[in-house]
Amino acid sequence: MARVETTSNRPYHLVIFGASGFTGQFVVEEVARTVSEGPKGTLKWAVAGRSKQKLENVLEQAAGVLSKPELRSEVDIIVADVGEPDTLAAMCKQAVIVLNCVGPYRFYGEPVVKACVENGAHHIDISGEPQFLEGMELNYNSQAADNGVYVIGSCGFDSIPADMGVLYTREQFKGTLTAVESFLTVNTGPDGGCIHDGTWQSAVYGFADSDKLRSLRRKFNHKPLPTVGSRLKRRGALFYSNEIQQYALPFMGSDPSVVKRTQRFLVEEHEATPTQYGAYAGVGGIGNIIKLMFAGMMFWFLVKFSFGRNLLIKHPEFFSFGIFSKAGPSRKQMEGSSFQFAFYGEGYKEGQDPSQGKPNGKINTMVQGPECGYVATPITMVQAALTILNEPTALPKKGGVYTPGAAFARTTLIDRLNKHGVKFSCI
């Protein structure tokens with residue numbers, strides 16, 4: 001069972017590391033909103049990062065936004081730096097859980113995971129980088145298990161809606177679910193929307209290192225998961241989706257990787273039937289496709305060379321047609337934005353033998369919520385942490401490096417998210 005109690009030596013339930021970063025500031029606000037949901041109605045927390053001044057500014061900002069002047073004096077500040085292991089160790093010794101908001105994780109993530117595992121703090125991140133996520137499983141799963149530490153990756157928009165959405169669809173289906181496809185659509189209001197360039201940087205370096213991800217995966221020596229029912233056919237690189245009534249393409253984020261790791265865990269630990277998964281994202285009409293083709297061609301050409309990557313990193317707005325920006329979205333843009341995941345599943349109804357004949361049942365579920373990156377992500381991250389604190393006996397029996405689905409399959413995380421505006425429903 002996870003250790004979740006605070007002590008005189010470990011005084012904080014949560015420490016937000018990277019609290020003064022673009023995403024970190026919104027995680028601070030979300031934690032401040034939910035202090036009453038901590039164990040016995042309280043939550044002891046602190047913020048951490050390199051600059052005491054910037055952390056003070058973030059608390060000042062949160063105090064103003066939330067009309068909570070007490071944040072200025074009641075939330076402690078810890079100075080810690082990824083480049084200084086001793087400061088990370090000191091931070092981790094004081095925390096039950098570290099909420100790690102410092103990305104790109106491929107550059108800055110591992111020292112924090114290492115410090116958490118060695119010093120007994122659980123670790124939650126919001127990475128959408130498969131190479132980092134799978135690398136941490138390879139390198140730290142055994143040590144985390146020995147130390148009773150839970151390292152749970154991709155607890156933001158990447159990939160809680162997808163991973164928990166597939167599990168929710170399994171639960172709602174009366175029978176054996178064998179395959180699910182998800183279709184993501186993002187809506188922006190009259191003020192438009194964009195994504196902070198930290199995500200863009202992760203994408204640039206992720207595509208550049210795709211060969212390293214393949215070699216990393218070979219080190220696991222995983223056997224292919226068994227296929228039950230009809231094999232799920234991959235859609236084309238670009239196609240018109242009747243499900244969402246617009247053009248779509250394969251989703252490039254971490255969702256397929258995370259969902260597959262969860263399914264492997266369920267097969268190996270609980271002898272469950274694996275669910276095949278395909279992830280797609282809507283891109284709209286012909287005008288958007290033309291933009292996407294130009295942007296895609298430039299991206300694929302430039303990402304192969306160091307000078308090209310430097311150009312992409314330096315000018316995210318230009319090369320992404322305004323989708324990514326160094327400033328990130330305004331609060332007004334966030335308020336007008338939302339996302340929707342539609343899940344289409346098939347399987348064998350109750351009473352039908354999955355080894356006989358084709359699947360004869362279908363199901364349609366939905367996960368929808370507010371703006372993805374800086375409203376939904378803080379909600380999912382903080383609710384994941386509160387689930388650990390409040391339901392330690394529902395987690396896997398031993399520590400280790402887990403996906404959200406593997407860690408939270410037997411908890412009430414979905415109910416918690418429903419109460420906070422990330423809603424799961426059966427259609």
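The values are calculated or read from the model by the stated rules, or taken from the named source; none is laboratory data. Keep in mind it's a predicted model, so treat the numbers as computed, not measured. Every residue, glycine among them, receives a Cβ derived from its backbone with ideal geometry; neighbour counts consider all protein chains shown. Protein only, heavy atoms only, side chains kept; ligands, DNA and RNA dropped before computing areas. Shrake-Rupley method; radii C 1.70, N 1.55, O 1.52, S 1.80 Å.
Compared with the direct C-alpha span, the chain from GLU5 to LYS40 gains 11.5 nm at full extension, assuming 0.36 nm per residue. Please report the carbon-and-sulfur percent of the accessible area for region 160-369; probe 1.4 Å, protein heavy atoms only, DNA, RNA and ligands left out. Ligands and nucleic acids excluded, carbon and sulfur reach 54 percent. Within the same chain, lysines fewer than 8 places from LYS304 are excluded, and of the rest, those with a Cα less than 24 Å from its Cα are LYS212, LYS291, LYS314, LYS326.
3J(HN,Hα) couplings calculated from phi for region 320-335 with the Karplus curve 6.51 cos²θ - 1.76 cosθ + 1.60 (θ = phi - 60°) are, in sequence order, 10, 6, x, 5, 10, 8, 5, 7, x, x, 7, 4, 5, 4, 4, 4 Hz; Gly and Pro show x.
Which number do you get for Rg(Cα) / (2.2 N^0.38 Å) in region 36-195? Don't jump to the answer; show the numbers that get you there.
Working: Rg = 18.7 Å, N = 160, 2.2 N^0.38 = 15.1 Å.
In units of the 2.2 N^0.38 Å rule of thumb, it is 1.23.
The residues packed around GLY229, meaning those with a beta-carbon under 13 Å from its beta-carbon, carry a net charge of +3 if Lys and Arg are +1 and Asp and Glu are -1.
Tell me the relative contact order for region 228-382 as a rounded percent, counting alpha carbon contacts under 8 Å between residues six or more apart. Present the calculation step by step, with values, prior to reporting the outcome.
Details: 160 pairs, mean separation 28.5, N = 155.
Reported as a whole number, the value is 18 percent.
Kirkwood Rh over Cα pairs of the chain into Stokes-Einstein at 4 °C, 1.567 mPa s: D in µm²/s? Could the numbers behind the result be given before it?
On the way: Rh = 22.1 Å.
For these conditions, the coefficient is 59 µm²/s.
Taking all protein chains as shown and a probe of 1.4 angstrom, TRP200 keeps an accessible surface of around 20 Å². For GLN246, the residues whose amide H sits under 5 Å from its own are SER241, ignoring neighbours fewer than 5 places away on the same chain, with H placed 1.01 Å from N. When the trypsin sites (Lys or Arg not before Pro) in region 204-276 are filtered for DSSP coil states and for at most 15 other beta-carbon atoms within 10 Å of their beta-carbon, the remaining sites are LYS219, ARG231, LYS233, ARG234, ARG235.
May I ask you to rank VAL180, VAL102 by accessible area, largest first, using a 1.4 Å probe over the protein chains only? Don't skip to the end; give the middle numbers.
Values: VAL180 0, VAL102 30 Å².
Sorted descending by solvent-accessible area, the residues read VAL102, VAL180.
Summary value for the chain: 22 percent relative contact order, contacts being C-alpha pairs under 8 angstrom separated by 6+ residues.
Taking only alpha carbon atoms, region 160-369 gives an Rg to Rh ratio of 1.00, where Rh is the Kirkwood radius.
Taking all protein chains into account, the per residue accessible area for the chain stands at 45 Å² (1.4 Å probe). Residue by residue, region 387-393 carries 3J(HN,Hα) couplings of 5, 4, 5, 8, 9, x, 6 Hz when phi is fed to the Karplus relation 6.51 cos²θ - 1.76 cosθ + 1.60 (θ = phi - 60°); x denotes Gly or Pro.
Just add up the charged neighbours of ILE313: K/R +1, D/E -1, any other residue whose Cβ is under 11 Å from the Cβ of ILE313. Don't jump to the answer; show the numbers that get you there.
Details: positive: ARG309, LYS314, LYS326; negative: ASP197.
Net local charge, ILE313 excluded: +2.
Each other residue within a Cβ distance under 12 Å of ALA179 adds +1 if Lys or Arg and -1 if Asp or Glu, for a net charge of +4. Residues in region 414-427 carry Karplus couplings, in order, of 4, 4, 4, 5, 4, 6, 10, x, 9, 9, 9, 8, 9, 9 Hz; the curve used is 6.51 cos²θ - 1.76 cosθ + 1.60 with θ = phi - 60°, and Gly or Pro positions show x.
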